[in-house]
Amino acid sequence: MPHIVTIDGPSGSGKGTIASLVAEKLGWRTLDSGALYRLVGLAAERAGIAPDDVPALQKLAKNMDAVFRDGHVFLDNIDVTDAIRTEQAGNAASKIATIPEVREALLSWQQGYVREPGLVAEGRDMGTVIFPEARAKIFLTASAGKRAERRYKQLKEKGLDVNMESLVEEISMRDERDARRAVSPLKAAPDALLLDSSNMAVDEVVEKVLGYVKERIPGL
Ligand code: C5P
């Protein structure tokens with residue numbers, strides 16, 4: 001059986017960066033589950049599907065032509081790597097992520113990522129709902145200020161136009177929606193390691209996570 005490590009947490013906690021670096025060190029694959037929700041949000045917008053048209057959204061999530069290749073994401077053969085990263089796409093994702101039928105439709109996408117020798121899966125419900133059997137689970141947090149700062153830097157680096165004040169507001173609204181929704185809310189699995197990365201450098205977090213993974217999966 002392939003090994004599974006999950007990293008969940010709110011936006012800007014550093015999940016994506018940490019998951020990639022940990023997977024690289026282990027020689028494993030990563031699953032960026034948020035990208036799937038972002039893709040459905042974007043595809044729905046492009047197809048003109050209303051946010052409350054549940055059957056259409058469910059069908060779209062099941063059948064969308066999405067391809068992840070060499071760090072790029074394609075939707076209907078169009079490179080949408082940057083388009084899905086905007087805060088607007090994050091918000092659209094967070095809205096459709098409250099729909100149980102959409103979450104259900106994305107289940108097989110996510111399970112399809114599991115491969116030998118292992119997978120590092122990051123998102124909101126990786127350890128609680130999608131991979132409850134994971135051998136090592138991490139819940140990564142950081143203070144609201146730090147998370148907004150990191151997102152700001154990330155978006156700026158991508159050349160996107162961002163305003164710190166509205167970013168703080170958007171992030172806190174999105175986190176609240178993610179944490180309060182009825183299905184698969186953002187929360188730590190009872191058996192997860194809680195890690196606050198507010199005052200930690202990326203390398204330190206990676207070392208800590210790797211140490212924990214090796215403790216939980218002896219013989220790695
Ligand atoms: O992680 P990222 O910011 O890319 O996720 C975008 C949105 O997708 C989140 O705000 C959340 O609403 C949703 N999401 C989710 N479950 C996941 C991953 C992301 O509901 N496992």
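The values are calculated or read from the model by the stated rules, or taken from the named source; none is laboratory data. Note that the structure is a prediction, hence the values are computed from the model and not measured. Cβ coordinates were reconstructed from backbone atoms using ideal geometry, including for glycine residues, and neighbour counts include every protein chain displayed. Protein only, heavy atoms only, side chains kept; ligands, DNA and RNA dropped before computing areas. Shrake-Rupley method; radii C 1.70, N 1.55, O 1.52, S 1.80 Å.
Structural remarks
- Any hit, segment 82-97, residues being within 17 Å of A134 (Cα to Cα) and in contact (Cβ under 8 Å) with a residue 24 or more places away in the chain: no
- Exclusive hit being modelled with pLDDT of 95 or more, open to solvent by 60 Å² or more (accessible area, probe 1.4 Å) and hydrophobic (A, V, I, L, M, F, W, C), set I78, I49: I78
- Output for segment 19-38, where each listed residue is in contact with a strand residue (DSSP E or B) (Cβ under 7 Å, 6 or more places away or on another chain), open to solvent by 10 Å² or more (accessible area, probe 1.4 Å) and either within 16 Å of A192 (Cα to Cα) or not β-branched (V, I, T) (or both): S20, L26, W28, R29, D32, G34
- For segment 186-204, filtered to residues that are open to solvent by less than 70 Å² (accessible area, probe 1.4 Å) and more than 30 Å from T98 (Cα to Cα), the residue that is farthest from the ligand (Cβ to nearest atom) is A201.
- A134 vs. criteria touching a Gly at 6+ places or on another chain (Cβ under 9 Å), free of Cβ contacts under 8 Å to residues at least 40 places away in the same chain and of a type outside the set (V, I, T): no
- Set side by side, the residues V114, V183, V168 differ, and just one is among the aliphatic types (A, V, I, L, M), open to solvent by less than 60 Å² (accessible area, probe 1.4 Å) and more than 11 Å from the ligand (Cβ to nearest atom), which is V114.
- Taken over segment 167-192, the criterion of being without any contact (Cβ under 8 Å) to a residue 60 or more places away in the chain, within 18 Å of R85 (Cα to Cα) and not hydrophobic (A, V, I, L, M, F, W, C) is satisfied by E169, S172.
- Qualifying positions in segment 84-108 - modelled with pLDDT under 95 and away from the ligand (no atom under 12 Å from the Cβ): S108
Every residue, every condition in (1) outside any loop (DSSP other than H, G, I, E, B); (2) among the basic types (K, R); (3) in contact with a strand residue (DSSP E or B) (Cβ under 8 Å, 6 or more places away or on another chain), yes or no:
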{"residue": "R150", "(1), (2), (3)": "yes, yes, no"}
{"residue": "Q154", "(1), (2), (3)": "yes, no, no"}
{"residue": "L167", "(1), (2), (3)": "yes, no, no"}
{"residue": "A179", "(1), (2), (3)": "yes, no, no"}
{"residue": "S184", "(1), (2), (3)": "no, no, no"}
{"residue": "L194", "(1), (2), (3)": "yes, no, yes"}
{"residue": "M200", "(1), (2), (3)": "no, no, no"}
{"residue": "V209", "(1), (2), (3)": "yes, no, yes"}
{"residue": "K214", "(1), (2), (3)": "yes, yes, no"}
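- In segment 141-165, residue farthest from D125 (Cα to Cα) [restricted to those that are within 11 Å of the ligand (Cβ to nearest atom) and open to solvent by less than 50 Å² (accessible area, probe 1.4 Å)]: R151
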